[in-house]
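The values are calculated or read from the model by the stated rules, or taken from the named source; none is laboratory data. Since the structure is predicted, the reported quantities are computational estimates derived from the model, not experimental observations. Glycine also receives a Cβ, built like all others from the backbone with ideal geometry; neighbour counts cover every protein chain displayed.
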Amino acid sequence: MAVTVLEREQPAAGGSGNPVAVVRPEPGGADNPIAEFSAAGVRWLQEWLAQHGSVVPHAFCGAFRMTRDQRRHDKLRDYASTRAHDEIAEFSGVAADQLCGQAPASSGFFLPQAGWIDPVALVHAMLDHPLIHVRTRAEVIALDQNADGSWQLSLSEGEIFSASQVVMATAYATQLSPVPLAVDRARGQLSVIPEQADRAIHVIVCRDGYITPAINGVHTIGATIQYDDEDGSARRSDDLENFQRLQRLLPDFAKDPGVVRSGRVAWRATTQDRLPLVGRIAAGLSVSVGHGSRGIACAPLCAELLVAALCGEPLPMVRDWLNRLDPLRFGPR
Ligand SMILES: Cc1cc2nc3c(=O)[nH]c(=O)nc-3n(C[C@H](O)[C@H](O)[C@H](O)COP(=O)(O)OP(=O)(O)OC[C@H]3O[C@@H](n4cnc5c(N)ncnc54)[C@H](O)[C@@H]3O)c2cc1C
């Protein structure tokens with residue numbers, strides 16, 4: 001089926017335009033939907049990259065995950081004791097230092113399935129298909145249902161499109177939806193720190209933030225999170241906040257906050273339960289929005305799930321996930 005993508009600016013103009021994203025499964029047991037969802041998303045992405053990802057810079061180098069307190073650490077240790085070492089393994093002391101390349105703030109858990117990816121290259125590689133036609137500078141300003149049930153999309157410069165199936169994949173910009181959707185937005189700023197030849201970081205080191213290995217000469221530190229904040233410019237105060245984040249990860253890695261430089265500012269589309277809204281909201285109209293802090297890891301799997309459901313093809317996840325991601329699960333706003 002041929003697809004036309006109508007994009008207000010250009011592909012990867014929104015959250016997906018960050019220079020790097022961490023893709024990692026959240027560790028946790030069967031009772032943790034985020035763990036199941038993120039593991040499935042990363043697995044799907046790895047399979048896609050193995051087939052089509054030669055032009056997408058990425059590395060599944062693994063992540064060293066620390067916890068905020070002893071209670072969470074003990075819980076994760078109990079979980080790790082039930083799993084294979086190639087899924088999660090506890091590291092402490094010298095072994096943790098060697099794994100990370102630098103001394104982490106505490107013992108933690110190695111997640112070998114995690115990695116980093118260049119989101120912009122991923123978006124372009126996914127759109128590079130003979131049946132996908134991308135229209136840039138094409139802002140949809142109205143969405144109306146025709147008498148025959150198809151949808152009419154009006155662009156800002158006057159052009160009109162009609163389609164029997166429409167998918168809104170607009171992150172937090174859901175105001176054109178005929179049904180109000182429960183999505184908020186939260187600003188985030190990345191920071192970077194230059195690579196130092198004698199201070200390599202081998203894996204992603206994370207807790208309530210992360211630092212990546214050096215990619216193109218810099219380590220990326222992420223990310224601040226601010227609600228009700230529309231400021232699109234990078235702020236020094238946010239870099240200092242990210243420097244504090246780094247201190248909680250690798251306390252000896254950098255002593256001078258002056259080495260931290262501003263990275264990109266973007267907005268996450270957030271939901272109450274930290275799962276996206278994916279599925280049909282009306283005949284011929286579906287959404288895939290609200291991908292929060294995991295959209296690079298999980299939105300591709302959601303696209304596959306949605307399209308498989310619409311086309312009556314085998315689903316990439318158990319059917320129950322169509323209910324869990326139901327865009328109307330919170331009720332209309
Ligand atoms: C600081 C920060 C750090 C992050 N780190 C990570 C990470 O490490 N790992 C991870 O997995 N995720 C991360 N995320 C989240 C991830 O970036 C997002 O979840 C993901 O990019 C969402 O993709 P999307 O396609 O849904 O939305 P977007 O990439 O925002 O794309 C939505 C597109 O819709 C277009 N659009 C909107 N309205 C219209 C309209 N009316 N007409 C036409 N086009 C329209 C926009 O121009 C935009 O290009 C991070 C996000 C932020 C902000």
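Structure notes:
- Scanning the range 1-18 for residues that are more than 10 Å from the ligand (Cβ to nearest atom) and not in a strand (DSSP E or B) yields a count of 2.
- Scanning the range 181-203 for residues that are out of contact with any Leu (no Cβ under 9 Å at 6 or more places or on another chain), within 16 Å of the ligand (Cβ to nearest atom) and not small (G, A, S) yields D184, R185, R187, Q189, L190, V192.
- Residues (touching a strand residue (DSSP E or B) at 6+ places or on another chain (Cβ under 8 Å) and within 12 Å of the ligand (Cβ to nearest atom)) located in the range 19-49: P19, V20, A21, V22, V23, R24, P25, G41, V42, L45
- Residues that are among the aromatic types (F, W, Y) and under 16 Å from the mean Cα position of the chain (by Cα) occur in the range 208-217; there is at least one.
- Test: residue in the range 227-240 that is more than 11 Å from the ligand (Cβ to nearest atom), surrounded by fewer than 20 Cβ atoms within 10 Å (Cβ to Cβ) and under 18 Å from the mean Cα position of the chain (by Cα): yes
- Helices (runs of 4 or more DSSP H) contained entirely in the range 54-162, each with at least 3 residues that are away from the ligand (no atom under 16 Å from the Cβ) and surrounded by 15 or more Cβ atoms within 10 Å (Cβ to Cβ): 70-80, 93-100
- Residue within the range 282-295 that is assigned to a strand (DSSP E or B), within 23 Å of Q102 (Cα to Cα) and among the aliphatic types (A, V, I, L, M) present: no
- Within the range 302-333, restricting attention to residues that are assigned to a helix (DSSP H, G or I) and among the acidic types (D, E), the residue that is farthest from the ligand (Cβ to nearest atom) is D320.
- Qualifying positions in the range 261-301 - near the ligand (Cβ under 10 Å from one of its atoms) and more than 30 Å from S162 (Cα to Cα): G263, R264, V265, A266, S293, R294, A297
- The range 297-314 residues that are of a type in the set (D, E, K, R), paired with ones that are surrounded by fewer than 23 Cβ atoms within 10 Å (Cβ to Cβ) and not in a helix (DSSP H, G or I) (beta carbon under 8 Å, 6 or more apart): E304/P316
- For the range 123-130, the criterion of being in contact (Cβ under 8 Å) with a residue 24 or more places away in the chain and among the charged types (D, E, K, R) is met by none of the residues.
- Taken over the range 229-278, residues that are in a helix (DSSP H, G or I) and either of a type in the set (F, W, Y) or touching a helix residue (DSSP H, G or I) at 6+ places or on another chain (Cβ under 7 Å) (or both) amount to 3.
- Checking A103 against (1) without any contact (Cβ under 8 Å) to a residue 40 or more places away in the chain; (2) in contact with a helix residue (DSSP H, G or I) (Cβ under 7 Å, 6 or more places away or on another chain), the condition it does not meet: (1)
- Residues of the range 247-260 that turn out to be more than 18 Å from S237 (Cβ to Cβ) and surrounded by 15 or more Cβ atoms within 10 Å (Cβ to Cβ), as a count: 3
- Sole residue being more than 11 Å from the chain's Cα centre (by Cα), surrounded by 20 or more Cβ atoms within 10 Å (Cβ to Cβ) and within 14 Å of P327 (Cβ to Cβ), chosen from G263, G279, G290: G279
- R72 meets the conditions (1) touching a residue at least 12 places away in the same chain (Cβ under 8 Å); (2) within 29 Å of P119 (Cβ to Cβ) in every case but one. The failed one is (1).
- Taken as a whole, the structure leaves G209 outside the set of residues that are at pLDDT 95 or above and on the phi > 0 side of the Ramachandran plot.
- Scanning the range 204-212 turns up one or more residues that are near the ligand (Cβ under 10 Å from one of its atoms), among the hydroxyl-bearing types (S, T, Y) and either under 18 Å from A114 (Cβ atoms) or crowded, with 21+ Cβ neighbours inside 10 Å (or both).
- Within the range 30-53, the set of residues being small (G, A, S) and assigned to a helix (DSSP H, G or I) comprises A35, S38, A39, A40, G41, A50, G53.
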